[in-house]
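Please treat every number below as a calculation from the coordinates, not as lab data. Here the structure is a predicted model, which means the values were calculated and not measured. Glycine gets a Cβ as well: all are built from the backbone with ideal geometry, and neighbour counts include every protein chain shown.
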């Protein structure tokens, strides 16, 4: 054994905390996801006090803390608020790079919806461009945010 | 405020890409040992020593729940009171400040540690996102922050060249900081030619993987004056959360930082930050963030920070040097980054910052951030008077 600690090899052990989790969408979140799955409809929820339409919907208004219950259907078309194009692969990505990400304010909504962008050359992306939702086919829809495949440029 | 709280000692490890030669506790102790030696303090709850510790670490990075268990034998928490903060470590400084002002404790040790080398960054960051609506899309902080950078450029006309100037300035400043991990002589062209990771963010717009720790001792005024001839006073502090969901706010703005800064400035009696603050240490995990956070901190109007970097206002020798240390871009681990800012600013206000000293610095702004797109912002104002 080496006399000096500095001369020893420093041992490092591999490990992995592997925890199965479940996450509740809540009834408001569930209704939104079920509408995506069953009807290809994007729904929001309106605060009667602040007059804001939230997409995705949530059960309370973050401004007035009021309880929300007024459902509204918003358009599947909207405006691109910002975008980014991932070229760097990572283990959490759902599809292969390059992946274009965007935040889309749907017509009738006051908030943006974060999702992926498709059927577009990254060079053509512009803030303010009109996009529309492309849904997966019925048998692939499972009441998930990924039931929307991506948003593509309109026209 | 009747009672005042001072930083009486602050120390950092040298930041390094891979400290696999030490445990988390051993790494933390490298910084703790320095503040114990500087003050001559030991752990004691009888009024003669450190009577509480606030630690800062994050379970996912440490790979165990109750990550503070990694360091209880190194920070005295098995002998006295201990609290853990799992956000950026500026919040640990805030917590210790509150413990002292409450009258509960007199002398508090604050320690932050993180070894980014030992876990997969994108998986940890992805787990910070809401699991139903955002996590499945594969976001990590890099991709979310790229959405913020694009929006910031679009709304205010700030450019990739201006972001690159931040990367050049800070890595150049790091040459004067013996604790910095990646001092570099680079040009704007080098940044703009570096690998595109997530457009518009390139490799040199980001910080390297980093391991390190920071330790600090805070004390109430009466004790502080006995412990050091150069106390650094915490004159203002506050924090604030943004909304979580990415689409809920305009990412080109940072209202949480505006709010946190306003409260911290009110406490510190600051009305004109650009004129009254001598040096700023801002947590810029990405180059664009230094400019965006400067606007949130009220150093200029919205969309005007690009002009300040162009005019050299924030370089060494400018009106307000920002990140003389080299900032996060030169290598600090997440979690530790905010305390590194506070420790650097404390050295500045003691006139002990060596080659990176801002001459005559009396008031410093420090800032820490947790999460993507400036999710949680914390502002700490320091003064040597």
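The alpha carbons of the range A:25-153 occupy a box of 42, 33, 25 Å along the principal axes, longest dimension given first. Computing FRET efficiency as 1/(1 + (r/R0)^6) for residue A:142 and residue A:16, where r is the C-beta to C-beta distance and R0 is 35 Å, gives about 0.85. For the peptides B:287-297, B:173-183, the ranking by mean Cβ contacts within 10 Å, running from highest to lowest, is B:287-297, B:173-183. Look at B:57, B:20, B:259 and count the other Cβ atoms within 10 Å of each Cβ; fewest to most, that gives B:20, B:259, B:57. Across all Cα atoms of chain B, the radius of gyration (one decimal) and Dmax (whole number) stand at 19.3, 59 Å. Once the Kirkwood radius over Cα pairs is known for the range B:136-230, the Stokes-Einstein relation at 20 °C and 1.002 mPa s delivers a diffusion coefficient of 132 µm²/s. For the range B:1-129, the Kirkwood hydrodynamic radius from C-alpha pairs, put into Stokes-Einstein at 25 °C and a viscosity of 0.890 mPa s, yields a diffusion coefficient of 159 µm² per second. Scoring A:6-13, A:24-31, B:342-349, B:211-218 by mean Cβ neighbours within 10 Å over their residues and listing the highest first yields B:211-218, B:342-349, A:24-31, A:6-13.
Semi-axes of the range B:240-385's equivalent ellipsoid from the Cα gyration tensor, sqrt of 5 times each eigenvalue, largest first, rounded to whole Å? Working shown, then result.
On the way: eigenvalues 105, 50, 46 Å².
The three semi-axes for the range B:240-385 are 23, 16, 15 Å.
Centre-to-centre separation between the Cα atoms of the range B:298-354 and those of the range B:193-256: 11 Å.
Across peptide A:88-98, the mean count of Cβ atoms from other chains lying within 10 Å of each residue's own Cβ comes to 6.
Ordered by the number of other Cβ atoms lying within 10 Å of each residue's own Cβ, fewest first, A:1, A:129 fall into the sequence A:1, A:129.
Ordering A:77, A:67 from the fewest to the most neighbouring beta carbons within 10 Å gives A:67, A:77. Look at the stretch A:99-108: the mean tally of other chain Cβ atoms within 10 Å of its residues' Cβ atoms is 3.
Computed from the C-beta positions of residue A:64 and residue B:311, the FRET efficiency with R₀ = 45 Å rounds to 0.60. For the pair residue B:3 and residue B:42, label points projected 7 Å from Cα toward Cβ lie 2.6 nm apart. Assign one of three labels to the range B:163-278, namely rounded, prolate or oblate, based on the Cα gyration tensor with a ≥ b ≥ c the square roots of its eigenvalues; rounded applies when a/c is under 1.5, prolate when it is not and a/b is larger than b/c, and oblate otherwise. Oblate, since a/c reaches 1.5 and b/c is not below a/b. What the Cβ-Cβ distance of residue B:275 and residue B:192 gives, at R0 = 25 Å and to the nearest 0.05, is a FRET efficiency of 0.15.
Under conditions of 10 °C and 1.306 mPa s, the protein assembly as shown yields 65 µm² s⁻¹ as its translational diffusion coefficient, taking Rh as the Kirkwood radius over Cα pairs in the Stokes-Einstein equation. The overall shape of the range B:56-111 is oblate: from the C-alpha gyration tensor, with semi-axes ordered a ≥ b ≥ c, the ratio a/c is 1.5 or greater and a/b is no larger than b/c.
Summary of the geometry: the range A:7-35 and the range B:6-75, compared by the centres of their Cα atoms, lie 28 Å apart. Principal-axis analysis of the Cα atoms of chain B puts helix B:337-349 at an angle of about 70° to the longest axis.
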